[in-house]
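The values are calculated or read from the model by the stated rules, or taken from the named source; none is laboratory data. Nothing here was measured: the structure is a model prediction, and the numbers come from that model. Positions of Cβ are backbone-derived with ideal geometry, glycine not excepted, and every protein chain shown enters the neighbour counts.
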Amino acid sequence: MSAVHGPIIIGSERSEAGIPAAMEILRAGGSALDAVERGLRMCEDNLEDHYIGTSGLPNARGIVELDASIMVGSTRAFGAVAAIKNYPNPISIARKVMEELPQHALLVGEGAEAFAEYLGFSKAELLTPEAKKLWKDQLKTINSESIEGENTKATTGDERYRMASLELVKRMAPHEGPWGTINIIALDKSGELVCGVSTSGYPYKHPGRVGDSAVPGAGNYSDIRYGAAACTGRGELALRSGAARTIVENIRAGMSPEDACTAALLEAAALPDDFRAELRCLALTPDGRHGGASGMQGSTYTLMTEHSTGPEFHPRRPL
Ligand code: ASP
């Protein structure tokens with residue numbers, strides 16, 4: 001591996017719940033893999049966050065299904081789980097897929113749960129009272145008298161997505177507030193570059209729906225030669241455009257991380273999509289350059305270097 005530019009770590013909005021602990025690992029000479037896993041576990045355990053781990057918002061049936069993945073830049077090893085239920089730390093199970101089941105890269109649903117059980121991971125109820133209330137509040141609106149025609153009022157891609165994905169519950173409004181998948185990318189002292197992503201996916205999604213977070217090249221990609229990138233937001237657009245891999249390829253072609261992210265988002269934005277919602281991304285290179293872009297104004301990403309006294313917030317370039 002090349003010259004030492006780490007440790008450095010970046011993450012999406014709300015990753016600050018885990019990034020300081022992850023940086024402690026890096027400062028002590030620990031691995032990017034351990035740092036990313038530790039940081040994301042803390043985010044998964046953050047009960048105030050309704051887009052990841054315990055207290056994530058459920059699918060249309062009120063069941064929390066989680067997606068997570070981890071990718072190592074030097075080997076392009078990848079591990080992921082998707083639509084996994086009842087296990088609070090999917091990032092750790094994704095890592096075990098990569099390390100202990102290297103003949104596979106992605107396990108879903110019952111198979112992922114069986115693997116977690118075999119490894120002795122503890123089960124937990126993931127639907128917290130607060131997340132359940134948010135879901136139930138949405139269900140209540142379905143029983144109101146003005147259901148007919150409501151779908152036509154949906155103006156944003158988020159609203160249209162959630163409404164149209166629900167044959168079961170016909171109509172859901174988007175959840176307000178800080179939202180989205182959490183990405184963490186770490187570069188350690190040895191020069192290893194690891195990218196991790198964890199999410200409960202789109203709130204009130206169709207059961208079994210898997211987004212970009214568990215798919216290499218879509219929501220997560222790391223290649224030690226050029227950089228690592230990850231996405232938050234409208235996962236189907238990241239899947240269709242291969243967004244994370246596109247960003248890394250853009251860096252390979254000579255773009256800065258910020259330009260690479262912007263170009264990838266513009267490519268995704270050019271796709272026809274009735275359910276268009278914001279997509280955000282961020283990237284880190286093996287020589288420590290970083291940047292992000294977003295479909296909306298005011299988005300930031302979180303950064304810590306060895307010398308940071310706490311998480312620093314950097315603007316993402318708006319499209
Ligand atoms: N990217 C996530 C997914 O498609 C959702 C999000 O970040 O809001 O599952």
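Before moving on, here are some points about what is shown:
- Flag for Ser74 being assigned to a loop (DSSP other than H, G, I, E, B), away from the ligand (no atom under 16 Å from the Cβ) and either in contact with a Leu (Cβ under 9 Å, 6 or more places away or on another chain) or modelled with pLDDT under 95 (or both): yes
- Unique match (being hydrophobic (A, V, I, L, M, F, W, C) and more than 14 Å from the chain's Cα centre (by Cα)) among Ala77, Ala68, Ala83, Ala94: Ala77
- Some residue of segment 267-280 being buried (at least 24 other Cβ atoms within 10 Å of the Cβ), within 14 Å of the ligand (Cβ to nearest atom) and of a type outside the set (Lys, Arg): yes
- Condition met for Ser294 (of a type in the set (Ser, Thr, Tyr) and more than 17 Å from the chain's Cα centre (by Cα)): no
- Among residues of segment 197-219, those that are free of Cβ contacts under 8 Å to residues at least 60 places away in the same chain and surrounded by fewer than 24 Cβ atoms within 10 Å (Cβ to Cβ), counted: 1
- Matching option when the condition is modelled with pLDDT of 95 or more and in a loop (DSSP other than H, G, I, E, B), among Phe115, Phe121: Phe121
- Per-region count, segment 212-251, residues more than 15 Å from the ligand (Cβ to nearest atom) and more than 20 Å from Ser74 (Cβ to Cβ): 2
- Listed by first and then second residue, the pairs linking a residue in segment 294-309 that is under 15 Å from Val36 (Cα atoms) and in contact (Cβ under 8 Å) with a residue 12 or more places away in the chain to a residue that is among the acidic types (Asp, Glu) and surrounded by fewer than 16 Cβ atoms within 10 Å (Cβ to Cβ), with Cβ atoms under 8 Å apart and 6 or more places separating them unless they lie on different chains, are Thr302/Glu312; Leu303/Glu312; Met304/Glu312.
- Segment 85-110 - residue that is of a type in the set (Lys, Arg) and either in a loop (DSSP other than H, G, I, E, B) or in contact (Cβ under 8 Å) with a residue 40 or more places away in the chain (or both) and, of those, nearest to Pro216 (Cα to Cα): Arg95
- Pair list, Cβ under 8 Å, 6 or more apart: segment 233-255 residue of a type in the set (Asp, Glu), other residue within 13 Å of the ligand (Cβ to nearest atom) and part of a helix (DSSP H, G or I): Glu236/Asp212
- Filtered residues of segment 1-47 (kept if under 24 Å from Ala293 (Cα atoms), hydrophobic (A, V, I, L, M, F, W, C) and touching a Gly at 6+ places or on another chain (Cβ under 6 Å)): Ile8, Ile19, Ala22, Val36, Leu40, Cys43
- Residue ID - nearest to the ligand (Cβ to nearest atom), chosen from residues in segment 21-56 that are acidic (Asp, Glu) and modelled with pLDDT of 95 or more: Glu44
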